[in-house]
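Novice: I have a structure I would like to understand better, so I am pasting it below and will then ask my questions one at a time.
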Amino acid sequence: HAQLDAGVGFTDAMKEVASAVLSSPRFLYLYDQPGTSKGAEPLDGYDLASRLSFLFWGSIPDDELLRLAGDGSLSRPAVLRAQVNRLLADPKLKRFCDSFPAQWLQLDRIISAVPDKQLYPDFYYAPPDYRTTMDMMMEPLLLFETVLIENRSILEFVDSDYTYRSGRLRKWYGDAEPGKLGGPGSMQFKRQPVTDRRQGGVLTSAAVLTMNSGPHETKPITRGAWVAGVIFNAPPEPPPADVPPLEKPKPAEKNFTVRERFAVHRERADCAACHAQLDPLGFALENFDPVGRWRNTYENGREVDASGKLFRKHSFKNVVEFKDAILAEKNRFARAFAEHTLSYALGRALTPADTPALDRITERTVADGYRLQTVLHEVVQSAPFVNRPLAKTASAKTEESGK
């Protein structure tokens, strides 16, 4: 009004208003308004509707959610469960299927993977720098989508008997006859059975293996840190600042294996604990080269040693036995997956106050055969999700992330 009174034209005055609104944090971000009491304070219907819709659809609530929010029935457990089922059946769920697994598996890192062009020229399938990375990324994303839509077990993320491959990816894995691939058929993904347990799941997908490698060689510690953080939600502490990176093999070390070259790091007292945790996890995947393809020996002819022991009690000799070792700790994996999911749904790091909710989510997930939809239902019904956060845990969540 002040600008209009000062003689500014209506259009110019409204530009100022619109600019202020569109640049406001209240417009750009979702805010969890903290509770005013010390105890649990339920979300009102509209806040709960927003949490649901942004979690699964990455967008604002639809008319049905708003109606249920308005009459106060959305907070009833049976109604909430029915709405989750409805949201899961909607095509807009694709946004969750792209967002959550990409964040959980850290798949953004595959985009920046740049294997050496001289060592792996077929990784760059067309000039100037068209890479196989997008095909690789789609494989675990489609696996996640299938497990969710078909309500399958989350244990299939460790070991599945099916996968999705494009023509280019089938050639990459050696499933297709060598030759030139082109046209739409190269990009179309098809579901196919996995008969070799060295494949299947996310652990041994080309995306995970490539993004956790360097341009010239594998990085067992990076791969091990990924397994620790993603599969068991136990990421390692940062290494000491004065630890030098692993140097390229010297002439005297040309016949060494990667495991032997890492021995110097394990000898440091301040590195030993982390290496004891990460080395078995990373070396278990050492049969896969820097671009995720199988190898039995290194370039120097030395045989790859992928043996180790998980949590100092599950011995394994190869990657298949490593998968079995992880599945022997399936409840630990289920707990870690529940932690990742709840943290994503809340848009914040978890705190000790969330432990009872995690106990319940994990217990019910295990009891229902580790089904992914059970995880999501229990997350949505959990106290941290349906209640306002305490002031110290309140956080802003970007609309773009869909959390």
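Novice: Would you point out which residue out of G7, G39, G58 is assigned to a loop (DSSP other than H, G, I, E, B), loosely packed, with under 11 Cβ neighbours inside 10 Å and either modelled with pLDDT of 95 or more or on the phi > 0 side of the Ramachandran plot (or both)?
Specialist: It is G7.
Rundown of residues vs (1) of a type in the set (D, E, K, R); (2) closer than 14 Å to T218 by Cα; (3) in contact with a Phe, Trp or Tyr (Cβ under 8 Å, 6 or more places away or on another chain), yes/no style:
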{"residue": "P251", "(1), (2), (3)": "no, no, no"}
{"residue": "C274", "(1), (2), (3)": "no, no, no"}
{"residue": "P290", "(1), (2), (3)": "no, yes, yes"}
{"residue": "E303", "(1), (2), (3)": "yes, no, no"}
{"residue": "R312", "(1), (2), (3)": "yes, no, no"}
{"residue": "K330", "(1), (2), (3)": "yes, no, yes"}
{"residue": "G347", "(1), (2), (3)": "no, no, no"}
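Novice: Right, here's the next one. Does region 153-163 hold any residues that are buried (at least 18 other Cβ atoms within 10 Å of the Cβ) and either assigned to a helix (DSSP H, G or I) or in contact with a strand residue (DSSP E or B) (Cβ under 7 Å, 6 or more places away or on another chain) (or both), and which are they?
Specialist: S153, I154, L155, E156, F157, T163
Novice: Inside region 269-318, can you point out the residues that are acidic (D, E) and not in a strand (DSSP E or B)?
Specialist: Selection gives D270, D279, E286, D289, E299, D305.
Novice: Does region 53-73 contain any residue that is charged (D, E, K, R) and under 19 Å from E378 (Cα atoms)?
Specialist: No, the conditions are met nowhere in region 53-73.
Novice: Turning to a different aspect of this structure: Looking at T297, T355, T351, T374, which one is of a type in the set (S, T, Y) and closer than 21 Å to A82 by Cα?
Specialist: None of the others qualify; the one that does is T374.
Novice: Hey, can you tell me all the residues within region 82-112 that are among the hydrophobic types (A, V, I, L, M, F, W, C), under 24 Å from E339 (Cβ atoms) and part of a loop (DSSP other than H, G, I, E, B)?
Specialist: Scanning region 82-112 gives L105, L107.
Novice: Now, a different point. Could you list all residues from region 113-138 that are under 26 Å from the mean Cα position of the chain (by Cα) and in a helix (DSSP H, G or I)?
Specialist: Those that are under 26 Å from the mean Cα position of the chain (by Cα) and in a helix (DSSP H, G or I): F123, T133, M134, D135, M136, M137, M138.
Novice: Residues G201, G224, G229: which one is modelled with pLDDT of 95 or more and surrounded by fewer than 20 Cβ atoms within 10 Å (Cβ to Cβ)?
Specialist: Going through G201, G224, G229 in turn, the sole match is G229.
Novice: Moving on. What residue, of L74, L141, L66, is surrounded by 14 or more Cβ atoms within 10 Å (Cβ to Cβ), among the aliphatic types (A, V, I, L, M), part of a helix (DSSP H, G or I) and more than 14 Å from the chain's Cα centre (by Cα)?
Specialist: L66
Novice: So, one more: Taking the conditions exactly as written (of a type in the set (V, I, T) and either within 21 Å of the chain's Cα centre (by Cα) or assigned to a strand (DSSP E or B) (or both)), does V79 satisfy them or not?
Specialist: no
Novice: Give just the number: which of (1) under 20 Å from E378 (Cβ atoms); (2) modelled with pLDDT under 95 does C97 not satisfy?
Specialist: That leaves (2) as the condition not met.
Novice: Do we find that Q33 is on the phi > 0 side of the Ramachandran plot, outside any helix (DSSP H, G or I), surrounded by 11 or more Cβ atoms within 10 Å (Cβ to Cβ) and within 31 Å of the chain's Cα centre (by Cα) in this structure?
Specialist: Taking the combined requirement at face value, the residue does not satisfy it.
The values are calculated or read from the model by the stated rules, or taken from the named source; none is laboratory data. In this text, all values refer to a predicted model and were calculated from it rather than measured experimentally. Cβ atoms come from the backbone with ideal geometry, glycine included; neighbour counts cover every protein chain shown.
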